[in-house]
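The values are calculated or read from the model by the stated rules, or taken from the named source; none is laboratory data. Every value quoted in this text rests on a predicted model; they were computed, and no experiment measured them. Note: ideal-geometry Cβ built from the backbone for every residue, glycine included; neighbour counts use all protein chains shown. Ligands, DNA and RNA are stripped out before the accessible areas are found, and what is left, the full protein with its side chains, is counted by its heavy atoms. Shrake-Rupley method; radii C 1.70, N 1.55, O 1.52, S 1.80 Å.
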Amino acid sequence: MSFIFLKRSSISMAAIVTRFPPSPTGYLHIGGARTAIFNWLYARRHGGKFILRIEDTDLVRSTEASVKAILDAMEWLELDWDEGPFYQTERLEVYQEYLEKLVAGGHAYYCDCDPEDLDRRRQAAMAAGGKPKYDGRCRDRGLGPGPNRVVRFRCPLAGETVLNDLIKGPIVFNNAELDDLVLQKSDGIPTYNFAVVIDDVTMGINLIIRGDDHVNNTPRQILIYQALGAPLPRFAHVPMILGEDRARLSKRHGATSVMVYKEMGFLPEALVNYLVRLGWSHGDQEIFSREEMIANFSLEHIGKAAGVFNPDKLLWLNAHYLKERDPAALVPLLRPFLHQRGYSERPDDYLARAIATLQPRCQTLVEMADAIRYYLVDEVDYDPAAAAKFLRPETLSTIARMQAVLADLDPFDEARMEQAFRSVAEELGVKLGKIAQPVRVALTGVTASPGLFEVIDVLGRKTVLERLGKALDFIKAQARS
RNA sequence: GGUCCCAUCGUCUAGUGGCCCAGGACACCGGCCUCUCACGCCGGAGACACGGGUUCGAACCCCGUUGGGACUACCA
């Protein structure tokens, strides 16, 4: 009994605080999105906080447009944050304060080495078979602040730094391998490794889930925490996402921007579901609602190996969610794609009924917008091969017959329609397909479509009769020429 | 080059020493359903990188090899 109480209180002692810190040098990419999802899920799972921070200390590459693009993507994925967005460029005094503390404590020092000279020294060290690390020239010169001077961290020359990674286990680094990294650039802006630590310390971040491309940065960061006397957060390094050639996922593997997936007609829940399952698992389950993800997410089930991004599986998930959605809910999502194609406006309920027939046949909204064409155009255009095969003199009479039957059909619904087609087939002594295909081409212009009766039902009597009439005219015209 | 990480079907993964001559999913192949195309359903092919240990027993533990990846900036 008391054991249970103990366990409980120790768990609830520190509320979880996670963060997602993108740098606004471009759009939100697939890998970043997954990291954001993991951090968000963990915070939600444990009733903690999720903080958004914009790491814009790269003054040259950071842009306002990128910030907006990232925020838009977060919103589209429905990843809400509890605090922020904080901007590092607005926190310069904070870094300065901590920097002075480090310098005063002897943990950091000023350095006036010329960047180009530094580069030459590195090259020379490499050529001599040594390590390309900073040679420590200014380490003990006792320099003070001044123009063109950076601040470097005084890294211990010996000893070990251990990273107890929640995913990879303990990783030991020899401090001698590390060098005196720059904390503050000569323009007064902090470097990444310094700013993250200060931000994470001051924002109370106690769990850092990030890509494992950061593993080698972590010992340097741990050393800074220690120099500051700050408590260490827990670290969880998630394996990378690879392209199909097993190289780090990049533009040459196809779309890597989250918002491009929106443009390609993907649903956010499909992307999120795909991404969360890329590297994490919960037994054999493939489909997860938000609630299920939150309820089941755990670091223990994140794998150690990098994963290849598989567009086919994403497509399958998207098709799944497309089928599952209420057709009416799909209308506003599909509309932008219809406008792009220049279709004329139609009422919501008409679109919803058309969409319902296309749901099991489309993998993306883009496919759906293409497929919905014959429901929206004033005049169908015939696929030449389809017309050549099914709109010929021999089919004239069956189309005419169906036109006559449908003109009088009452009520004009799917059930009656099927009856009508079947009885005409019987009457003519042919299989249903013999009648259905020519009519299908007359109505849609193509040989593959949703069930014929569904199509007729959506189109309505007037349009159906018109299109059948037009098909008859077409056949006659063909016969004359 | 140095440091670090990783290794189950083509791909994502289950698997935490006996339940595994390895399960699920995508993709692929075959069948069923059927007015076409899909959806759906049923079935099939397909993997523990290699070599050594440890153990009564290894996909699971250890070592090595090989292969992949990351980092190595006054980028983040």
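I need a count of the residues in region A:425-457 that are touching a Lys or Arg at 6+ places or on another chain (Cβ under 7 Å) and more than 12 Å from RNA strand B (Cβ to nearest atom).
Total satisfying the criteria: 1.
For region A:209-246, give me each residue that is within 8 Å of RNA strand B (Cβ to nearest atom) and either part of a loop (DSSP other than H, G, I, E, B) or farther than 18 Å from residue A:19 by Cα (or both).
Hits for region A:209-246 are A:216, A:239, A:240, A:242, A:244, A:245, A:246.
Considering region A:435-464 alone, what residues qualify as being surrounded by fewer than 16 Cβ atoms within 10 Å (Cβ to Cβ) and in contact (Cβ under 8 Å) with a residue 24 or more places away in the chain?
Scanning region A:435-464 gives A:447, A:451, A:460, A:461.
Check off (1) in contact (Cβ under 8 Å) with a residue 60 or more places away in the chain; (2) not in a helix (DSSP H, G or I) for residue A:478 and give me the number that stays unchecked.
(2)
Please specify each residue of region A:465-475 satisfying the condition of being in contact (Cβ under 8 Å) with a residue 12 or more places away in the chain and either closer than 17 Å to residue A:377 by Cβ or of a type in the set (Lys, Arg) (or both).
Restricting attention to region A:465-475, the residues satisfying the condition of being in contact (Cβ under 8 Å) with a residue 12 or more places away in the chain are A:465, A:467-472, A:474-475.
Result: A:465, A:467, A:468, A:469, A:470, A:471, A:474.
Tell me yes or no: at least one residue of region A:28-40 is without any contact (Cβ under 8 Å) to a residue 24 or more places away in the chain and open to solvent by 60 Å² or more (accessible area, probe 1.4 Å).
No, region A:28-40 contains no residue that is without any contact (Cβ under 8 Å) to a residue 24 or more places away in the chain and open to solvent by 60 Å² or more (accessible area, probe 1.4 Å).
Wholly within region A:337-446, which helices (runs of 4 or more DSSP H) include no fewer than the required count, namely at least 1 residues that are over 30 Å from residue A:311 (Cβ atoms) and touching a helix residue (DSSP H, G or I) at 6+ places or on another chain (Cβ under 7 Å)?
Filter on region A:337-446 gives A:348-358, A:384-390, A:393-408, A:414-428, A:432-444.
For residue A:328, work out the one condition from (1) open to solvent by 40 Å² or more (accessible area, probe 1.4 Å); (2) under 15 Å from residue A:277 (Cβ atoms); (3) part of a helix (DSSP H, G or I); (4) not aromatic (Phe, Trp, Tyr) it doesn't fulfil.
Answer for residue A:328: the failing condition is (2).
Scan region A:300-312 and tell me whether some residue there is of a type outside the set (A, V, I, L, M, F, W, C) and more than 10 Å from RNA strand B (Cβ to nearest atom).
No, every residue in region A:300-312 fails to be of a type outside the set (A, V, I, L, M, F, W, C) and more than 10 Å from RNA strand B (Cβ to nearest atom).
Open to solvent by less than 20 Å² (accessible area, probe 1.4 Å), in contact with a His (Cβ under 9 Å, 6 or more places away or on another chain) and within 12 Å of RNA strand B (Cβ to nearest atom): which single residue out of A:273, A:296, A:318 fits that description?
On the way: A:296 fails: open to solvent by less than 20 Å² (accessible area, probe 1.4 Å); A:318 fails: in contact with a His (Cβ under 9 Å, 6 or more places away or on another chain).
Exactly one residue qualifies, and that residue is A:273.
Can you tell me which residues in region A:189-206 are crowded, with 21+ Cβ neighbours inside 10 Å and either modelled with pLDDT under 95 or outside any loop (DSSP other than H, G, I, E, B) (or both)?
Correct list: A:190, A:194, A:195, A:196, A:197, A:198, A:199, A:200.
Taking residue A:474 and the conditions (1) more than 42 Å from the chain's Cα centre (by Cα); (2) within 11 Å of RNA strand B (Cβ to nearest atom); (3) among the aromatic types (Phe, Trp, Tyr), which numbered condition does it fall short on, given that it satisfies the others?
Looking at each condition in turn, residue A:474 falls short on (2).
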